[in-house]
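Q: Can you read through this structure? Questions will come right after.
Throughout, read-outs are computed from the coordinates displayed, never taken from laboratory work. From a predicted model like this one, the values you see are computed outputs, not experimental measurements. Here the Cβ positions follow ideal geometry from the backbone for every residue, glycine too, while neighbour counts run over all protein chains shown.
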Amino acid sequence: MSEATLPDAAGPPAPKVAPPVSARPAREVIYRHSLIVRLTHWINVLAISLLIMSGAQIFNAHPALYWGQYGADADKPVIELGARNTPHGLQGVTQVGDLRFNTTGVLGVSGPPGQQEIRGFPGWLTVPSNRDLATGRHWHFFFAWLFVINGLIYLLFGLLSGHFVRDVAPARDQIGPRHILGSIWDHIRLRHPTGAEAKRYNILQKLAYIAMIFVVLPLMIGTGLTMSPGFDSVAPWLLTLFGGRQSARTIHFICANLIVLFVLVHVVEVFLAGAVNEVRSMITGRYVVPKGHAS
């Protein structure tokens, strides 16, 4: 047999064979959220949504905020959603201190061309959508108490079950500028924890939850009660604590916007980390741990 007819010693390339199912890495599923955490979470979603929308309805009755006792600084609002006439028609103006912004179509003046109306927040953001202060107050007070009761249940559960210590309090290895800055850098690069790190909240999540649970929400509730004349008769010291009813209203508004910002960031992070996995874990409690490494 000549050299030209000799078969190739190496032979044809071997076909790629998929490893048996038993040899593939198993998907790791953990029980991440307890029933109480899931129930209170979804009740909060409903309550906060209706509180923001009914609160916008109430704010529209007088779309301006002041600092100090009402009257002394009535002509110097800290924040105001207003309107002014121009040669081109109505213009929405949002004023923050001495700064003014044209917010026509969203704040101050909203509605389709030819049907624009002067109102702080647009109708699609308020409950009800038409001007109805009395109904807005009913919605707001109902969901405010639902929110408070739901929050107390979550707080009591978190303290008795160890949820706060186990899941919310930063672990020793998460404390320190190096770890916090590293987590910030990972978020900037849109990188999320995987493997063992994905089984717990990262340090930025924990700090945000702590700020919301123990700072912003208590301020929200305290200032809300301060704006109630009936409650002021029971606890007049609240007026002194918050510097008057108008200052309490301003703090209440700022806290509401911080909650909106928190929710928006939370929703964006859910989509970036995997919406199906994240939402499913808050419905069933079970979470599929992403494989790999965050670095």
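Q: Which of P170, P122, P236 ends up with the largest GNM mean-square fluctuation for the chain, with Cα atoms connected below 10 Å?
A: P236
Q: Which value at 222 nm does the chain reach when only helices count, each DSSP H run of 4 or more adding -39,500 (n - 2.57), with the total divided by all residues and rounded to the nearest 500 deg cm²/dmol? Write out the running numbers ahead of the final one.
A: On the way: 8 runs with 136 residues, N = 295.
The helix contribution divided over the chain gives -15500 deg cm²/dmol.
Q: Out of G244, I213, Y201, whose Cα points farthest toward the positive end of the dipole of the stretch 161-270 (charges: +1 Lys, Arg; -1 Asp, Glu; placed on Cβ)?
A: Y201
Q: What area, in nm² and to one decimal, does the C-alpha convex hull of the stretch 76-120 cast on average over all directions? Provide the component values of the computation, followed by the final result.
A: Details: hull surface 12.1 nm².
Reported value for the Cα convex hull: 3.0 nm².
Q: In whole Å, what three semi-axes, largest first, describe the equivalent ellipsoid of the chain built from its Cα gyration tensor (square root of 5 times each eigenvalue)?
A: On the way: eigenvalues 531, 147, 66 Å².
So the equivalent ellipsoid measures 52, 27, 18 Å along its semi-axes.
Q: What distance in nm separates the two pseudo spin-label positions at I30 and S161, each 7 Å out from Cα along the beta-carbon direction?
A: Taking the simple label geometry, I30 and S161 are separated by 1.6 nm.
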